[in-house]
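Enquirer: Sharing a structure below in C-alpha cells format, with a few things to ask.
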Amino acid sequence: SKMDQTQLDGRTIRVNESRPKGSGGGGRGDKGYGPGGSGGFNSANKEDVKMYVGNLAFDTPEEQVRQLFETHGKVVDCFMPTDRDTGKVRGF
C-alpha cells in the first residue's frame with residue numbers, strides 16, 4: 001500500500017489489506033503479500049478495501065486517521081477497538 005510506512009502523529013504506521021484466512025498474506029511463501037501489503041494490494045480491483053493500520057499512537061484521534069486516508073479515497077468506516085473496562089483505544 002502507498003500508505004505503508006507513512007508518518008502519523010509522530011509514528012510510522014503499518015498498513016495491510018485485510019484478506020480472508022487462507023487467501024495469502026500470512027506465509028513467507030506467498031509472493032506479493034507482505035508486511036504493508038507490498039506487491040498485490042487490492043489485486044482483485046475491489047471498489048471497497050478493508051485495511052488494518054498498525055502502530056498508531058494510543059491517543060491518535062479517529063478523525064486524524066480518516067483525514068489521512070481520505071486523501072486517497074472515500075473512507076466508509078473507521079473502527080478503532082477500545083478496551084471495554086477503560087474505554088481507551090487498545091493496541092495490537
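The values are calculated or read from the model by the stated rules, or taken from the named source; none is laboratory data. Since this is a predicted model, take the numbers as computed values, not measurements. Don't worry about glycine lacking a Cβ; one is built from the backbone with ideal geometry, like all the others, and counts go over all protein chains shown. We work out accessible area using only protein heavy atoms, side chains counted, and drop any ligands, DNA or RNA first. Shrake-Rupley method; radii C 1.70, N 1.55, O 1.52, S 1.80 Å.
Enquirer: Give K21/K88; K46/K88; K21/K46 a once-over and call out the pairs whose C-alpha atoms are over 22 Å from each other.
Expert: Violating the 22 Å Cα-Cα cut-off are K21/K88; K46/K88.
Enquirer: Net charge near R66, counting Lys/Arg +1 and Asp/Glu -1 over other residues with Cβ under 11 Å of its Cβ? Present the calculation step by step, with values, prior to reporting the outcome.
Expert: On the way: positive: K74; negative: E62, E63, E70, D77.
Cβ neighbours under 11 Å give a net charge of -3.
Enquirer: Report the gain in length on full extension from Q64 to S18: 0.36 nm times residue separation, minus Cα-Cα distance, nm rounded to one decimal.
Expert: Using 0.36 nm per residue and subtracting the Cα-Cα distance, I get 14.5 nm.
Enquirer: Moving to a separate point now. In sequence order, what are the phi-derived ³J(HN,Hα) couplings for the range 76-90 according to the Karplus relation 6.51 cos²θ - 1.76 cosθ + 1.60 with θ = phi - 60°, rounded to whole Hz, with x for glycine and proline?
Expert: For the range 76-90, the Karplus-derived couplings read 7, 8, 9, 9, 10, x, 10, 6, 5, 7, 9, x, 7, 4, 9 Hz, x marking Gly and Pro.
Enquirer: Right, next: Could you list the residues of the range 41-67 with an amide nitrogen less than 12 Å from a label point located 7 Å from the Cα of D77 in the Cα-to-C-beta direction?
Expert: Only 49-51 pass the distance filter.
Enquirer: Give me the net charge for the shell around A57: Cβ to Cβ below 15 angstrom, other residues only, Lys and Arg +1, Asp and Glu -1.
Expert: Numbers: positive: R11, R14, K88, R90; negative: D9, D59, E62, E63.
Spelling it out: positives minus negatives among the neighbours equals 0.
Enquirer: What residues have an amide H closer than 5 Å to that of M51, excluding those fewer than 5 places away on the same chain, when H is modeled at 1.01 Å from N in the peptide plane?
Expert: Close amide H contacts, sequence-distant or interchain: S18.
Enquirer: Once you order the gyration tensor axes a ≥ b ≥ c over the Cα atoms, which shape class does the range 50-92 get: rounded for a/c under 1.5, otherwise prolate or oblate by comparing a/b with b/c?
Expert: prolate
Enquirer: Here's a follow-up. Could you sort M80, M51 by their accessible area in this structure, using a 1.4 Å probe and putting the largest first? Intermediate values should be presented prior to the final figure.
Expert: Working: M80 35, M51 70 Å².
Sorted descending by solvent-accessible area, the residues read M51, M80.
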